[in-house]
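K.L.:
Structure below; questions to follow.
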Amino acid sequence: MAEAGTVETHGADAHDAHHEQSFWSKYIFSTDHKMIAMQYMFTGIVMALIGGYMSYAFRMQLAFPGETVPGYGMVSQGEYNALVTNHGTIMIFWVAMPMLIAAFGNYLIPLMIGADDMVFPRINRLSYQIFLISAVVLIASLFVPGGGFGGAWTAYPPLSSSAEYSLTPLGSTLWLVAVALEFVAFLLGGINFITTLMNARAPGMKMHDIPMVLWMIVIASILFMASVGPLIAGAVMLFMDQVVGTGYFDPGRGGDPILWQHLFWFFGHPEVYVVLLPAMGIVADIICTFSRKKLFNYKLILYTAFATGIISFFVWAHHQFVAGIDPRMANVFTITTLIISIPIAEMIFLYIATLYGGSIRLATPMLWALSFIAEFLIGGITGIFLGASGSDIYFHDTYFVLAHFHYTFFPIAIIGFFAGITYWFPKMFGKMMNETLGKIHFWGTIIGFNAIFIPLFILGTAGQHRRIYNYQNFPDLAGLQDLRVFATAALLVMLVFQAVFLFNFVYSMFKGKPAGKNPWKANTLEWTAESPPPHGNWPELPNCYRGPYEYSVPGREEDYWPQDVPPDTAPAE
Amino acid sequence: MAEHQDHADDHGQAFYVKIWAILLVLLILSILGPIVAPHMAFGFLEAWMITMMTAFGIAVVKAYLVAANFMHLNVEKKYISYLLATMLMLMLLFFAGTAPDVMEHKGQNWENVAAEAEIERALEAQGAADAHGEHAEGHEDAAH
Amino acid sequence: MSTTRPIATTRSATGIPTGKLAVWWVIGSEIVIFGGLLASYIMHRLGHPEWAEYASHTNTWFGGANTFVLLTSSLFAVLAHHAAEHGDGKKAAKWLLGTCAGGLVFLCIKAVEWTGEIQHGYTITANGFWHFYYTAAGLHALHVIAGCIIMLIIARDAWKGKELQRVELIGIYWHFVDIIWIFLFPLLYIAK
């Protein structure tokens, strides 16, 4: 293996200290994993605000149909569809994935394994650049003549393939191109994550010394890579249908619209685990730090995560129970879907076991982590009603589904993000966030969130279908308008509380209490670097001597035992 | 820096040329397959079955030869082969879950009438064209 | 851009060099992309008996010639790897150029083939078979082009004796592109 690059024994920091980096190379064209992580995070936050704004607009339309929405204007029928479609698309692909996987993955992986950067820094930068372009293309799709794509984030043909039906020829194609570019960005990023975790670990860090959050992010990347292929093929086909005029999904020309559904959901279902696992990983690390206990049965959690990933490939058609698939297939998928609830439930039990008997400290990150467990539990349980094809016949396409997936996605994308950012903010910016503001933000968000979506469960059970512009046209459902107004009011309250977070975030970055290296007294390697870590992370890269969750080890004076501290000569137990 | 390399590389260039020659022979066989198959059919072994076996069986063998010898999977760490095999298994899984809806045009309590109508129409057009002694154009420019 | 190679890149806890590990993961993701496309094609081909007649119009000789070209270019790629293993950057670069030339010949044959087919009216919108024919072969051709470009960059470095380990990596990618064609050939040309 002819290595032509120079190998340094010290971190790149010493070398680059002589290079005064310009604004452009330090912030815009950086290859440093921490800067790229920040880029992903800020892009994700901006997109979250845009996606949140969209939900504001369409919820106002639902609560006060036909009235002008303050700060938006009139929501026309076409616009309603575009808002709903792009809200979903943005939240999954441009908020959940970049914040949980790209931002935290990029930031944490090298730091937690004791490396100075990702193994392919320039590909890392390229992946962000492609991602940024994809975000710009998506936003552009909303402003082209005809308007943004309104065919739902699932983009079923022929609505999505034919401008005759979608009425948004440009919007549809730009939306598709944006999603495809985002996939490419995450494929590139995923390869970096997988290779870095597998190869670039500190000397002494064995597979089971890796913090759970990193395992989860990498398993998620593997799941993504293995599942997105058929959808990329499908996206090429859909693109051809839209732009060239082929009939891939037109039965009159030898195609089949159900093919798209299968291609989409073969990816779509593993995708939800792609976003779930990193959130669960973040929660794992936080609950250990704030209960001063080791993760209960690390290996079992790890194998369960792998098992979940594998089973997630076998459940996809539960999204298609009433789409016209063969009922015999529906039987198979019902069974597999019910089976997949078992490993997730098991992980929740293992987390509870981790907490049991611990010295619990309810700092803001811990509040978020605990609420993740509670809220996701509701989401998961309501999924069982949908996974059984019999009950799904009634619930499909109702607000019950919508409430179910918000009770899963919101904990994943929003609670998971807040848990991670409140926990690692001191490391990223060298300052502590304000605890009081953090707790105010927490309660406002959680109470607001539940107040939005519990009414939606009720509306769904009453038979309210999704993706409808105005429920006053349905006599049976018109009487439930109070619930819609209540949910919208709760959304407004929840959105207002986000200002508390934004203020806390920006204020603490400049005026927060200095954090020091390890304010939470945690074990993992990132807490041994400076806050924030310099380019190259450490002047000398650390070694690893033990697992990541050696808290409250009997016989030791401190209740934590960082991974990089060499074993002392005195026996630990 | 070739000392620590696996001894497969000591094969030298001749080894790779040999593999290439085998690949070419297999290519020729797969091209000849459809031509000789009708003459080799007997009993339940129809011509198209032989063609399928030569065409795809040979493709699998060729792929194996390239993967094992050119990509050096035969000396690479097993983990890589498991990774690739897993991806292939996923493709089989995708096929198994989708084909009952897309490949078949009827099933338990459902029938894809549009597809069946299209097939019938196309076969009729081809039959009619054959009856006129010409090759069917196959030009299905079905407008919406 | 003062990006010296990070220490992380030089580590190898798995025993597989990082570049090679990454390329194999890329191959893994490409398998599912082409796999999805080809699985969809196979489902349609088996479910639509009228496609047999459409498929009869592909030219097996063009397809066979292209298979020969790609197999030979794969030979060149592995010979380039062999040369790089023995530290001979210039020879490796020459073999890589040969591989690239093979890719270009492949594309030329394809261009001629497609021109003929389009002139006969077998366009991409003609019917379902031709949709897949052009899309699958087209996606493959895009990968050939991308491979050629990367190969030229690596050949340039190899000529100077730099980054010789990358010769093997682009070779692995190229062999994969060859294997895709090994399956496309019977799917599109033989199975009639």
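K.L.:
Is one or more of the residues making up segment A:266-273 touching a residue at least 24 places away in the same chain (Cβ under 8 Å), crowded, with 22+ Cβ neighbours inside 10 Å and away from chain B (no Cβ under 14 Å)?
P.N.:
So in segment A:266-273, the residues touching a residue at least 24 places away in the same chain (Cβ under 8 Å) come out as A:266-273.
After this cut, where a residue has to be crowded, with 22+ Cβ neighbours inside 10 Å as well, the list is A:266-267, A:269-271, A:273.
Narrowing the set further to residues that are away from chain B (no Cβ under 14 Å) leaves A:271, A:273.
Yes, because at least one residue in segment A:266-273 is touching a residue at least 24 places away in the same chain (Cβ under 8 Å), crowded, with 22+ Cβ neighbours inside 10 Å and away from chain B (no Cβ under 14 Å).
K.L.:
Next question. Within segment C:10-19, is even one residue farther than 26 Å from B:Val66 by Cα, more than 7 Å from every other protein chain (Cβ to nearest Cβ) and among the aliphatic types (A, V, I, L, M)?
P.N.:
Among the residues of segment C:10-19, not one is farther than 26 Å from B:Val66 by Cα, more than 7 Å from every other protein chain (Cβ to nearest Cβ) and among the aliphatic types (A, V, I, L, M), which makes the answer no.
K.L.:
Can you find a residue that is within 7 Å of chain C (Cβ to nearest Cβ), surrounded by 24 or more Cβ atoms within 10 Å (Cβ to Cβ) and assigned to a loop (DSSP other than H, G, I, E, B) anywhere in segment A:193-200?
P.N.:
Yes, there is a match, as at least one residue in segment A:193-200 is within 7 Å of chain C (Cβ to nearest Cβ), surrounded by 24 or more Cβ atoms within 10 Å (Cβ to Cβ) and assigned to a loop (DSSP other than H, G, I, E, B).
K.L.:
Moving on. Would you point out which residue out of A:Pro548, A:Pro539, A:Pro566, A:Pro562 is touching a Gly at 6+ places or on another chain (Cβ under 9 Å) and in a loop (DSSP other than H, G, I, E, B)?
P.N.:
Values: A:Pro548 fails: touching a Gly at 6+ places or on another chain (Cβ under 9 Å); A:Pro566 fails: touching a Gly at 6+ places or on another chain (Cβ under 9 Å); A:Pro562 fails: touching a Gly at 6+ places or on another chain (Cβ under 9 Å).
Testing whether each residue is touching a Gly at 6+ places or on another chain (Cβ under 9 Å) and in a loop (DSSP other than H, G, I, E, B) leaves just A:Pro539.
K.L.:
For segment B:66-75, check the following and say yes or no: at least one residue is of a type in the set (A, V, I, L, M), out of contact with any His (no Cβ under 8 Å at 6 or more places or on another chain) and surrounded by fewer than 18 Cβ atoms within 10 Å (Cβ to Cβ). Even if it seems obvious, please write down each step before you answer.
P.N.:
From segment B:66-75, those of a type in the set (A, V, I, L, M) are B:66-68, B:71, B:73, B:75; that's our starting set.
Now restrict to residues that are out of contact with any His (no Cβ under 8 Å at 6 or more places or on another chain): B:68, B:73, B:75.
With surrounded by fewer than 18 Cβ atoms within 10 Å (Cβ to Cβ) added as a condition, the list becomes B:68, B:75.
Checking segment B:66-75: at least one residue is of a type in the set (A, V, I, L, M), out of contact with any His (no Cβ under 8 Å at 6 or more places or on another chain) and surrounded by fewer than 18 Cβ atoms within 10 Å (Cβ to Cβ).
K.L.:
Residue by residue through segment C:75-116, note down the ones that are touching a helix residue (DSSP H, G or I) at 6+ places or on another chain (Cβ under 8 Å) and farther than 30 Å from C:Asp157 by Cα.
P.N.:
C:Val112, C:Glu113, C:Trp114
K.L.:
Within segment A:238-254, how many residues turn out to be in contact (Cβ under 8 Å) with a residue 24 or more places away in the chain, assigned to a helix (DSSP H, G or I) and either among the acidic types (Asp, Glu) or at the interface with another protein chain (Cβ under 7 Å from one of its Cβ atoms) (or both)?
P.N.:
Start the filter on segment A:238-254 by keeping residues that are in contact (Cβ under 8 Å) with a residue 24 or more places away in the chain, which leaves A:238-239, A:241-243, A:248-250.
Still in the list and also assigned to a helix (DSSP H, G or I): A:238-239, A:241-243.
Keeping just the survivors that are either among the acidic types (Asp, Glu) or at the interface with another protein chain (Cβ under 7 Å from one of its Cβ atoms) (or both) gives A:241.
Adding up the residues that qualify gives 1.
K.L.:
Let me ask something else about it. Check off (1) modelled with pLDDT of 95 or more; (2) of a type outside the set (Lys, Arg); (3) buried (at least 19 other Cβ atoms within 10 Å of the Cβ); (4) assigned to a helix (DSSP H, G or I) for A:Ile378 and give me the number that stays unchecked.
P.N.:
Here A:Ile378 clears every test but (3).
K.L.:
Residues in segment A:33-42: is at least one within 25 Å of the chain's Cα centre (by Cα), modelled with pLDDT of 85 or more and at the interface with chain C (Cβ under 7 Å from one of its Cβ atoms)? Step through it out loud before you land on a result.
P.N.:
Filtering segment A:33-42 down to residues within 25 Å of the chain's Cα centre (by Cα) leaves A:33-42.
Then drop every residue that is not modelled with pLDDT of 85 or more, which leaves A:33-42.
Next, from what is left, pick out any that are at the interface with chain C (Cβ under 7 Å from one of its Cβ atoms): none.
No, there is no match, as no residue in segment A:33-42 is within 25 Å of the chain's Cα centre (by Cα), modelled with pLDDT of 85 or more and at the interface with chain C (Cβ under 7 Å from one of its Cβ atoms).
K.L.:
Which residue pairs have Cβ atoms under 9 Å apart, sit 6 or more places apart or on different chains, and have a first residue in segment A:142-164 that is among the charged types (D, E, K, R) and a second that is in a loop (DSSP other than H, G, I, E, B) and surrounded by 19 or more Cβ atoms within 10 Å (Cβ to Cβ)?
P.N.:
Every condition considered, the pairs that remain are A:Glu164/A:Pro158.
K.L.:
Please go through segment A:378-399 and give me each residue that is in contact (Cβ under 8 Å) with a residue 12 or more places away in the chain and among the polar types (S, T, N, Q), ordered by number.
P.N.:
A:Thr382, A:Ser389, A:Thr398
K.L.:
Follow-up question, since we're still on this one. If you take the residues of segment A:522-546 that are at pLDDT 95 or above and of a type in the set (Gly, Ala, Ser), which of them is surrounded by the most Cβ atoms within 10 Å (Cβ to Cβ)?
P.N.:
Once the filter is applied, the top-ranked residue is A:Ala522.
K.L.:
Can we say C:Lys160 is within 14 Å of chain B (Cβ to nearest Cβ), over 22 Å from B:Ala67 (Cβ atoms), in contact (Cβ under 8 Å) with a residue 60 or more places away in the chain and not polar (S, T, N, Q)? Write out each step before concluding.
P.N.:
Numbers: within 14 Å of chain B (Cβ to nearest Cβ): no; over 22 Å from B:Ala67 (Cβ atoms): yes; in contact (Cβ under 8 Å) with a residue 60 or more places away in the chain: yes; not polar (S, T, N, Q): yes.
So C:Lys160 fails the test.
K.L.:
Just name the residue that is farthest from the other protein chains (Cβ to nearest Cβ) out of those in segment C:40-68 that are in a helix (DSSP H, G or I) and free of Cβ contacts under 8 Å to residues at least 12 places away in the same chain.
P.N.:
In the first step, residues of segment C:40-68 are kept if they are in a helix (DSSP H, G or I); the result is C:40-47, C:51-55, C:60-68.
Filter again for free of Cβ contacts under 8 Å to residues at least 12 places away in the same chain, leaving C:43, C:46-47, C:53, C:61, C:68.
Numbers: C:Met43: 4, C:Leu46: 5, C:Gly47: 4, C:Glu53: 5, C:Trp61: 8, C:Phe68: 6 Å.
Restricting to residues being in a helix (DSSP H, G or I) and free of Cβ contacts under 8 Å to residues at least 12 places away in the same chain, the top hit is C:Trp61.
K.L.:
Just a yes or no: is a residue in segment C:98-114 within 13 Å of another protein chain (Cβ to nearest Cβ), touching a residue at least 40 places away in the same chain (Cβ under 8 Å), within 22 Å of B:Val17 (Cα to Cα) and crowded, with 22+ Cβ neighbours inside 10 Å?
P.N.:
Yes: segment C:98-114 contains one or more residues that are within 13 Å of another protein chain (Cβ to nearest Cβ), touching a residue at least 40 places away in the same chain (Cβ under 8 Å), within 22 Å of B:Val17 (Cα to Cα) and crowded, with 22+ Cβ neighbours inside 10 Å.
K.L.:
Working only within segment A:451-474, note down all residues that are in a helix (DSSP H, G or I) and in contact (Cβ under 8 Å) with a residue 40 or more places away in the chain.
P.N.:
The initial filter retains those residues of segment A:451-474 that are in a helix (DSSP H, G or I), namely A:451-461, A:471-473.
Correct list: A:Ala451, A:Ile452, A:Phe453, A:Ile454, A:Leu456, A:Phe457, A:Leu459, A:Gly460, A:Thr461, A:Tyr471, A:Gln472.
K.L.:
Identify, from the list A:Leu437, A:Leu477, A:Leu491, A:Leu402, the residue that is without any contact (Cβ under 8 Å) to a residue 24 or more places away in the chain, in a helix (DSSP H, G or I) and either under 25 Å from A:Gly44 (Cβ atoms) or in contact with a Phe, Trp or Tyr (Cβ under 7 Å, 6 or more places away or on another chain) (or both). Outline the logic, then answer.
P.N.:
On the way: A:Leu437 fails: without any contact (Cβ under 8 Å) to a residue 24 or more places away in the chain; A:Leu491 fails: without any contact (Cβ under 8 Å) to a residue 24 or more places away in the chain; A:Leu402 fails: without any contact (Cβ under 8 Å) to a residue 24 or more places away in the chain.
Answer to the check: A:Leu477.
K.L.:
Inside segment B:37-65, can you point out the residues that are exposed (fewer than 14 other Cβ atoms within 10 Å of the Cβ), more than 9 Å from chain C (Cβ to nearest Cβ) and either hydrophobic (A, V, I, L, M, F, W, C) or not in a helix (DSSP H, G or I) (or both)?
P.N.:
B:Met40, B:Phe42, B:Gly43, B:Phe44, B:Leu45, B:Glu46, B:Met49, B:Met53
K.L.:
Scanning segment C:124-165 for residues that are assigned to a loop (DSSP other than H, G, I, E, B) and among the aliphatic types (A, V, I, L, M), which turns out farthest from C:Leu79 (Cα to Cα)? Don't jump to the end; show me each part of the working.
P.N.:
Filtering segment C:124-165 for residues assigned to a loop (DSSP other than H, G, I, E, B) gives C:124-127, C:160-164.
Filter again for among the aliphatic types (A, V, I, L, M), leaving C:124, C:126, C:164.
Values: C:Ile124: 37, C:Ala126: 42, C:Leu164: 13 Å.
The residue in question is C:Ala126.
K.L.:
Exactly one of these conditions fails for C:Ser29: (1) closer than 29 Å to C:Val112 by Cα; (2) modelled with pLDDT of 95 or more; (3) of a type outside the set (A, V, I, L, M, F, W, C). Give me its number.
P.N.:
Failed condition: (1).
K.L.:
Right, something else. Test A:Val179 against the criterion of being under 22 Å from A:Leu263 (Cα atoms) and within 14 Å of chain C (Cβ to nearest Cβ), and give yes or no.
P.N.:
Details: under 22 Å from A:Leu263 (Cα atoms): yes; within 14 Å of chain C (Cβ to nearest Cβ): no.
In short, no.
K.L.:
Considering (1) part of a helix (DSSP H, G or I); (2) at the interface with another protein chain (Cβ under 7 Å from one of its Cβ atoms); (3) at pLDDT below 95, say which one C:Leu37 fails and leave the rest.
P.N.:
Answer for C:Leu37: the failing condition is (3).
The values are calculated or read from the model by the stated rules, or taken from the named source; none is laboratory data. Since the model is a prediction, treat every value here as computed from it, not as a measurement. Note: ideal-geometry Cβ built from the backbone for every residue, glycine included; neighbour counts use all protein chains shown.
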